[in-house]
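Report on one structure; see the data block that follows.
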Amino acid sequence: AENFSGISDLDPRMAAGIRTRSSFSGKFRFPTLPAGEYEIHAYTMGMNVAPNPDPVTITVEPYQQIENLEVRLPELGGGSIEGKLTMKGEPLRGQEVEVQRTFDAKTFGFPSTWTNDAGEYRIDGIQPGKNRLRIFRYVSGTSRDNAREIEHYFDISEGDELRFDFDLASGASKLSGV
């Protein structure tokens with residue numbers, strides 16, 4: 001999963017904050033920060049943006065370089081959805097599956113994944129409430145302009161584990177609790 005680190009200056013003039021991305025190893029860098037006090041928040045795709053319950057507060061002195069600062073992602077919580085995509089019963093690998101909160105402007109990105117060789121997928125940390133599962137069937141390349149989109153709306157509660165299997169040829173689908 002792609003992770004993001006955001007920094008928010010405690011000075012209200014920088015209320016919008018500054019964002020950067022972490023590497024796959026979790027390292028991140030803010031190239032130039034003026035002296036001041038900051039709150040650092042960590043997020044991953046699909047997480048609520050605010051409030052992060054455990055931001056890290058730091059004070060940066062002029063020309064100070066801060067290294068090896070540890071910022072943890074909040075627990076995801078929520079529910080999970082898994083399933084299998086097929087075409088005429090054959091697994092579809094390399095298809096994108098995404099979950100979007102309906103009517104939610106506070107979510108940072110959307111949790112998504114790709115189907116494996118068996119056509120299976122799993123997404124954890126889905127926020128409770130009404131959500132939309134979007135499946136993108138790529139015929140050629142990975143541009144959404146060339147994709148067929150399938151949508152399914154569902155409700156999920158904290159701790160729920162749902163399963164959604166879908167055959168693109170027949171349109172047959174099955175949503176169930178695991």
Report summary line: Taking every other residue with Cβ under 10 Å from the Cβ of residue 150 and scoring Lys and Arg +1, Asp and Glu -1, one gets +1
Query raised in the report: Given R₀ = 25 Å, FRET efficiency for residue 146-residue 110 by Cβ-Cβ distance, to 0.05?
Result: 0.80
Query raised in the report: Ordered by packing density, taken as the mean number of other Cβ atoms within 10 Å over each peptide's residues, highest first, how do 80-86, 127-133 rank?
Result: 80-86, 127-133
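Read the figures in this text as sums done on the coordinates, not as results from a lab. Predicted, not measured: the structure shown is a model, and the values here were computed from it. For neighbour counting, all protein chains shown are included, and Cβ atoms are generated from backbone atoms with ideal geometry for every residue, glycine included.
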